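Everything below concerns the one structure shown next.
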Amino acid sequence: MEKANSTMARQIAQAASAFEQQRTGNTPKSVTVVLSDTTLVITLHGALSEAEKALAKSPEGAAQVQDFHRQLFVNASESLRQEIKRITGVEVREATAEVEPTTGTVVGVFTTGNTVQVYQLAHSVPADTWSGADPGARHHR
């Protein structure tokens, strides 16, 4: 995955942060935007409230926090989808959100009908060591 055009990525990050603040009352500590082909991934770091983090300490509470954020995203994401379309010029066909309640990270994935797996690494990988593709992997379109 490559970082989206810096101006576009910055605009999407600002829109996503404003969206999160509007729908939950919490402003994320930081936002990461990554674009690869037709998949846009927005990661909101530190997006959960202190109460949500406390609730998420139990498995039942974590499930409640995840479900709450998924439902909130489904019910309120249309405005962010429209903002992404305005910024990129491309319509969003699908969108979903995942929450990692132990870290307070919310990941929004916007796709055009693809299956997406998102993994949050413990720290960044140096750019000069990242090739972006496995030479043995086969890509189907």
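The values are calculated or read from the model by the stated rules, or taken from the named source; none is laboratory data. No experiment lies behind these values; they were computed from the predicted model shown. Positions of Cβ are backbone-derived with ideal geometry, glycine not excepted, and every protein chain shown enters the neighbour counts. In case anyone asks, the SASA skips ligands and DNA or RNA and just uses the protein heavy atoms, side chains included. Shrake-Rupley method; radii C 1.70, N 1.55, O 1.52, S 1.80 Å.
Considering Lys53, Lys3, which residue is open to solvent by 40 Å² or more (accessible area, probe 1.4 Å), at pLDDT below 90 and in contact with a helix residue (DSSP H, G or I) (Cβ under 7 Å, 6 or more places away or on another chain)?
Details: Lys53 fails: in contact with a helix residue (DSSP H, G or I) (Cβ under 7 Å, 6 or more places away or on another chain).
From the options Lys53, Lys3, the qualifying one is Lys3.
Within segment 89-102, which residues are within 27 Å of His123 (Cβ to Cβ) and exposed (fewer than 15 other Cβ atoms within 10 Å of the Cβ)? Once the filter is applied, which keeps residues that are within 27 Å of His123 (Cβ to Cβ) and exposed (fewer than 15 other Cβ atoms within 10 Å of the Cβ), segment 89-102 yields only Thr102. Report yes if some residue within segment 65-88 is touching a Leu at 6+ places or on another chain (Cβ under 7 Å) and surrounded by fewer than 19 Cβ atoms within 10 Å (Cβ to Cβ); otherwise report no. Scanning segment 65-88 turns up no residue that is touching a Leu at 6+ places or on another chain (Cβ under 7 Å) and surrounded by fewer than 19 Cβ atoms within 10 Å (Cβ to Cβ). Checked against the criterion of being at pLDDT below 90, among the polar types (S, T, N, Q) and touching a strand residue (DSSP E or B) at 6+ places or on another chain (Cβ under 6 Å), the candidates Thr96, Thr129, Thr115 yield just one match: Thr96.
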